[in-house]
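Report on the following structure.
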Amino acid sequence: MNIQKMMQQAQKMQRDMAKIQSELETKSYQATKTGMVSVEVNGKFEVTSVKIEEELLSPEYKEELETAMLLVMTEAMQKANDDKEKTMGQLTNGMNIPGLF
């Protein structure tokens, strides 16, 4: 394989990765804890929506609400990350290339 062909393949992979990354950024990922708390994040790992059942807003449920928020935010972020790794892994045929994504 000559250098020019390798460079063309690398450039194509870079374009494909940019396209996939752009598509991933438009997706949304949601996690819910027993209908009490719901969080949605986008593919940029930005929180785009938080919903809390009104009954949890009283001071007596403060600790439960904090725990639920932490759990669902972590789960939503993990879903986004798993999708990114799976999708990018398909592009690289499962090769783990450090710093690539």
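The values are calculated or read from the model by the stated rules, or taken from the named source; none is laboratory data. As the structure is a computational prediction, the values presented were derived from the model and not from experiment. Cβ coordinates were reconstructed from backbone atoms using ideal geometry, including for glycine residues, and neighbour counts include every protein chain displayed.
One line per residue, one yes/no per condition, for (1) at pLDDT 90 or above; (2) surrounded by 14 or more Cβ atoms within 10 Å (Cβ to Cβ); (3) at positive phi; (4) not in a helix (DSSP H, G or I):
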{"site": "Leu71", "(1), (2), (3), (4)": "yes, yes, no, no"}
{"site": "Thr74", "(1), (2), (3), (4)": "yes, no, no, no"}
{"site": "Gln90", "(1), (2), (3), (4)": "no, no, no, no"}
{"site": "Gly94", "(1), (2), (3), (4)": "no, no, yes, yes"}
Failed item in (1) outside any helix (DSSP H, G or I); (2) surrounded by fewer than 11 Cβ atoms within 10 Å (Cβ to Cβ), with Ala31 passing the rest:
(2)
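Restricting the search to the stretch 47-56, which residues are modelled with pLDDT of 90 or more and surrounded by 11 or more Cβ atoms within 10 Å (Cβ to Cβ)? Before you say what the answer is, go through the steps one by one.
Let us first name the residues in the stretch 47-56 that are modelled with pLDDT of 90 or more, namely 47-54.
Selection gives Val47, Thr48, Ser49, Val50, Lys51, Ile52, Glu53.
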Are any of the residues in the stretch 26-44 at pLDDT 90 or above, out of contact with any strand residue (DSSP E or B) (no Cβ under 6 Å at 6 or more places or on another chain) and of a type in the set (Asp, Glu)?
no
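Considering Lys44, Lys79, Lys84, which residue is part of a loop (DSSP other than H, G, I, E, B), closer than 30 Å to Asp16 by Cβ and either of a type in the set (D, E, K, R) or touching a residue at least 40 places away in the same chain (Cβ under 8 Å) (or both)?
Working: Lys79 fails: part of a loop (DSSP other than H, G, I, E, B); Lys84 fails: part of a loop (DSSP other than H, G, I, E, B).
Result of the check over Lys44, Lys79, Lys84: Lys44.
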